[in-house]
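Single-structure report; data block below.
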Amino acid sequence: MRDKLYQAALKGRENSYSPYSNFAVGAAVLCGDKIYTGCNVENGSYGLTICAERCAIWKAVSEGERKFDAICVVADTSAPVSPCGACRQVMSEFKIPRIILSNLKGDFKEFTLEEILPYEFKL
Ligand code: THU
């Protein structure tokens, strides 16, 4: 399943809209037998940019998904790409148990939520 999710994240990355950073990111989330992909979508007003991880999660949630099994993120980095803090908090909101980080070379690092965001914010 990890490879299927990785391939989906790579596919998502192909749609990255990143003319400002030229840093293309792809993501894919697994919800049961469904996969939702995402990419970073930048904006000339930089703060409006959305990361690939949140793009994929929003797509799944907006289709009615609430239970996530895993997320995979990919970018062209020397080591598996590290998600930003905001995306970690969103992963925590939806309790994504398996977080797979990767790069174009096919290196992987896997984390649990607790490992990637210890002592998360909770209401
Ligand atoms: N980016 C992501 O898509 N995910 C992350 O976890 C970190 C950063 C994007 C946002 C922006 O389009 C570009 O990478 C450079 O920050």
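The values are calculated or read from the model by the stated rules, or taken from the named source; none is laboratory data. Just so you know, these numbers come straight off a predicted model, no measurement behind them. Note: ideal-geometry Cβ built from the backbone for every residue, glycine included; neighbour counts use all protein chains shown. Side chains included, ligands, DNA and RNA excluded: accessible areas come from the protein's heavy atoms. Shrake-Rupley method; radii C 1.70, N 1.55, O 1.52, S 1.80 Å.
Condition first: more than 8 Å from the ligand (Cβ to nearest atom) and touching a strand residue (DSSP E or B) at 6+ places or on another chain (Cβ under 6 Å). Now tell me which residues in the range 68-91 satisfy that.
Within the range 68-91, F68, D69, A70, I71, C72, V74, T77, P80 meet the criteria.
Restricting attention to the range 5-20, does a residue exist that is open to solvent by 20 Å² or more (accessible area, probe 1.4 Å), part of a strand (DSSP E or B), within 15 Å of F94 (Cβ to Cβ) and not polar (S, T, N, Q)?
no
Across the range 21-45, what is the number of residues that are more than 10 Å from the ligand (Cβ to nearest atom), in a loop (DSSP other than H, G, I, E, B) and open to solvent by less than 70 Å² (accessible area, probe 1.4 Å)?
So in the range 21-45, the residues more than 10 Å from the ligand (Cβ to nearest atom) come out as 28-37, 44-45.
Those left that are additionally in a loop (DSSP other than H, G, I, E, B): 32-33, 44-45.
From what's left, open to solvent by less than 70 Å² (accessible area, probe 1.4 Å): 32, 44-45.
Summing the residues that are more than 10 Å from the ligand (Cβ to nearest atom), in a loop (DSSP other than H, G, I, E, B) and open to solvent by less than 70 Å² (accessible area, probe 1.4 Å) in the range 21-45 gives 3.
Does at least one position in the range 63-72 carry a residue that is on the phi > 0 side of the Ramachandran plot, at pLDDT 95 or above and open to solvent by 20 Å² or more (accessible area, probe 1.4 Å)?
Scanning the range 63-72 turns up at least one residue that is on the phi > 0 side of the Ramachandran plot, at pLDDT 95 or above and open to solvent by 20 Å² or more (accessible area, probe 1.4 Å).
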